[in-house]
Amino acid sequence: MAISQGKSIRSPSGGRLRSNRGKRKSELGRASAETKLAGKRLRKIRTRGGNEKLRLDGGNKINVIDPKTNKAEVLDILDVVENNANPNYVRRNIITKGAVVETAKGKAKVTSRPGQTGVISGVLL
């Protein structure tokens, strides 16, 4: 069954709502990218209006900004330390926005959305 972002079939009290129409192309949803700690793999996705999104399926480098010196550099990601989105993501090494990763210079918090932009950016903690 297709992933839909349309109206729920349940009312706030839990009763079933009967829909007066079916699904629409504009309500289409997709499975999350779940960017893994692996070699770089990009996937192009056609979005509304013929535009494209880059999904990062795997990545092992992060663009990090050091807040003290305000300098940016590209570092290797060694491990996923923490992920508030889902505790299982740490075990599965999945990187999302807000995840804390271990680098050679220390821990960094991911500030970009890898599944939407195709890059992993972050700030040193």
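We did not get these values from a lab; they are worked out from the coordinates using the rules stated. Please read all numbers here as calculations on a predicted model, not as lab measurements. Note: ideal-geometry Cβ built from the backbone for every residue, glycine included; neighbour counts use all protein chains shown.
What are the pairs, 6+ residues apart or on separate chains, where a residue within the stretch 69-84 that is closer than 11 Å to Ala104 by Cα has its Cβ under 9 Å from a residue that is exposed (fewer than 12 other Cβ atoms within 10 Å of the Cβ)?
Note: pairs meeting the criteria are Leu75/Ala104; Leu75/Lys105; Asp76/Ala104; Leu78/Ala104.
Within the stretch 18-57, how many residues turn out to be crowded, with 16+ Cβ neighbours inside 10 Å and among the polar types (S, T, N, Q)?
Matching residues across the stretch 18-57 total 1.
Run down Asn60, Asn84 and say which single residue is surrounded by 13 or more Cβ atoms within 10 Å (Cβ to Cβ) and of a type in the set (S, T, N, Q).
The unique qualifying residue is Asn60.
Would you call Gly118 exposed (fewer than 15 other Cβ atoms within 10 Å of the Cβ), at positive phi and of a type outside the set (A, V, I, L, M, F, W, C)? Please lay out each step first, then the result.
Numbers: exposed (fewer than 15 other Cβ atoms within 10 Å of the Cβ): no; at positive phi: yes; of a type outside the set (A, V, I, L, M, F, W, C): yes.
Spelling it out, it is not the case that Gly118 is exposed (fewer than 15 other Cβ atoms within 10 Å of the Cβ), at positive phi and of a type outside the set (A, V, I, L, M, F, W, C).
So in the stretch 1-29, with the set limited to residues that are of a type in the set (S, T, N, Q) and in a loop (DSSP other than H, G, I, E, B), which one is nearest to Lys97 (Cα to Cα)? Talk me through it step by step, then tell me what you get.
We begin by selecting, within the stretch 1-29, every residue of a type in the set (S, T, N, Q); these are 4-5, 8, 11, 13, 19-20, 26.
Filter once more, keeping what is in a loop (DSSP other than H, G, I, E, B): 5, 8, 11, 13, 19-20.
Values: Gln5: 21, Ser8: 27, Ser11: 31, Ser13: 33, Ser19: 35, Asn20: 37 Å.
Going through the qualifying residues, I end up with Gln5.
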